[in-house]
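Working notes, structure below.
The values are calculated or read from the model by the stated rules, or taken from the named source; none is laboratory data. Quick caveat: nothing in here was measured; it's all calculated off a predicted structure. As a convention, Cβ positions derive from the backbone with ideal geometry for all residues, glycine included, and neighbour counts pool all protein chains shown. Note: areas computed on protein heavy atoms with side chains; ligands, DNA, RNA excluded. Shrake-Rupley method; radii C 1.70, N 1.55, O 1.52, S 1.80 Å.
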Amino acid sequence: MTLHTITWDDAAGTDGRGALRLLDQTRLPDHTEVLDVVTVDALVAAIERLAVRGAPALGVAGAMGVVVAMDEAEREGWDAARLDAEIDRVRLARPTAVNLAWGVDAVRPLVGAGRDAVLAAARQVAADDESANRELSRRAADWLLERTGRDRLRVLTHCNAGTLATSAWGTALGVVRELHARGALEIVYADETRPLLQGARLTAWELAREGIEHRVQVDGAAASTVLRGLVDCAVVGADRIAANGDVANKIGTLGVGLACREAGIPLLVAAPWSTVDLATPDGDAIEIEERSGDEVTGWQGTRTTPVDSPGYNPAFDVTPARFVAAVATERGLVEPAAGGTMGEVLG
Ligand code: MRU
């Protein structure tokens, strides 16, 4: 079965205009349910509760969200100011992944040209994401094999940066897939990724579907797995990469980076250029989403902590450029730990 994280389905919806179709990632791995989104309220809620998630998928959600808003404006008779405000709600639904705002901004200038022009541009955003992911995966695999000098790699990954987090193929898991296709992958250690279990639920689901050898480990095992020499590298995605090479990604990535530096193995960040934010000079300038403490203190409605113990729930951390051996994008590869900055890709 082909996996469609996010598409525009012309046949869905009730008014002949179609709908934004999302695979509801909160229901995986046990249930594959799709959501047809035709209102801004529903899209913002889907983004906030992580039904659609992962930076590149959020970029597509942002672009296609402009179409959702335009269709709703037509149905509800919104004026231009209301439409603008609703598009802004989509743009700001989550703060850390720059791709969401980037996706909105990529198609917004076409609003005056009509919804079909916006839809075509949004579909192009999705198509470009897949080709970017495939290209950056090839570049990353070449680099990892050369840097480690090994024929078959043992890889640690954190969170989910697979097909589910993108329009297709994946970034960090795209690199894993590329290595697997080359016969150059031995095993993947997938961090479970507290508190919402993107690694245990989503990465493991993707790897199992493809028959890729893997183990799911608790986040607290990652540093030990690295220092015991059980992996050759760590490969992760990113939500925003600052101009100096600092990387915001799922909380826990920083610990992986520290362990890799101590062990002398590379941390490679795989991300499309849409995740690079040259307007953000460094990690200090990146807004880190803080989510409800309830996600930490319980799971699916069952409390796991004393009632008087509130949670603290930053959703992302920033790994300083000095811990990042390489950032692989479709445009080129940068080595921040060796002093490389993102702008150098542009020449
Ligand atoms: O909170 P999430 O699940 O949206 O966080 C996702 C991540 O941190 C991913 O690693 C990142 O977006 C890259 S996805 C290709």
Any chance V111 is surrounded by 17 or more Cβ atoms within 10 Å (Cβ to Cβ), over 15 Å from the mean Cα position of the chain (by Cα) and within 16 Å of the ligand (Cβ to nearest atom)
no
Please go through the stretch 70-94 and give me each residue that is over 13 Å from V104 (Cα atoms) and of a type in the set (K, R), ordered by number.
R75, R82
Let me confirm something: among A200, A168, A204, A184, which residue is away from the ligand (no atom under 14 Å from the Cβ), open to solvent by 10 Å² or more (accessible area, probe 1.4 Å) and either closer than 28 Å to H31 by Cβ or hydrophobic (A, V, I, L, M, F, W, C) (or both)?
A204
Considering residues that are touching a Gly at 6+ places or on another chain (Cβ under 9 Å) and either away from the ligand (no atom under 16 Å from the Cβ) or open to solvent by 40 Å² or more (accessible area, probe 1.4 Å) (or both), the number found within the stretch 65-85 is 4
What is the residue count in the stretch 270-311 for residues that are within 16 Å of the ligand (Cβ to nearest atom), free of Cβ contacts under 8 Å to residues at least 24 places away in the same chain and open to solvent by 90 Å² or more (accessible area, probe 1.4 Å)?
1
Residues of the stretch 300-325 being touching a Cys at 6+ places or on another chain (Cβ under 9 Å) and of a type outside the set (A, V, I, L, M), in sequence order, are F323
Need pairs with beta-carbon distance below 9 Å; first residue without any contact (Cβ under 8 Å) to a residue 60 or more places away in the chain and within the stretch 149-160, second in a loop (DSSP other than H, G, I, E, B); sequence gap 6+ or separate chains.
D151/G183; D151/A184; R152/G183; R152/A184; R152/D232
Only one of these is surrounded by fewer than 18 Cβ atoms within 10 Å (Cβ to Cβ) and either at pLDDT below 95 or in a helix (DSSP H, G or I) (or both): D142, D129, D151. Name it.
D142
Quick check: anything in the stretch 225-239 open to solvent by less than 40 Å² (accessible area, probe 1.4 Å) and among the charged types (D, E, K, R)?
yes
Residue check: is A101 assigned to a helix (DSSP H, G or I), within 16 Å of the ligand (Cβ to nearest atom) and surrounded by fewer than 24 Cβ atoms within 10 Å (Cβ to Cβ)?
yes
Going by what's in this entry, would R177 be described as surrounded by fewer than 24 Cβ atoms within 10 Å (Cβ to Cβ), within 15 Å of the ligand (Cβ to nearest atom) and either polar (S, T, N, Q) or under 30 Å from A19 (Cα atoms) (or both)?
no
Odd one out for Q25 among (1) over 28 Å from A279 (Cα atoms); (2) in contact (Cβ under 8 Å) with a residue 40 or more places away in the chain; (3) open to solvent by 40 Å² or more (accessible area, probe 1.4 Å)
(3)
Count, please, the residues in the stretch 177-208 that happen to be charged (D, E, K, R) and either free of Cβ contacts under 8 Å to residues at least 12 places away in the same chain or touching a Phe, Trp or Tyr at 6+ places or on another chain (Cβ under 8 Å) (or both).
1
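To keep it simple, each residue is scored yes or no on (1) among the aliphatic types (A, V, I, L, M); (2) assigned to a helix (DSSP H, G or I); (3) under 30 Å from A285 (Cβ atoms).
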residue	(1), (2), (3)
R82	no, yes, no
D105	no, yes, yes
V125	yes, yes, yes
L136	yes, yes, yes
Within the stretch 207-224, restricting to residues that are in contact with a helix residue (DSSP H, G or I) (Cβ under 6 Å, 6 or more places away or on another chain) and part of a helix (DSSP H, G or I), the one that is surrounded by the most Cβ atoms within 10 Å (Cβ to Cβ) is A222
For the list (1) farther than 17 Å from W102 by Cα; (2) touching a Lys or Arg at 6+ places or on another chain (Cβ under 8 Å), I need the number of the one condition that L58 fails.
(1)
Could you check the stretch 230-260 and list, in sequence order, the residues that are β-branched (V, I, T) and within 12 Å of the ligand (Cβ to nearest atom)?
V235, V236, I241, V247, I251, T253, V256
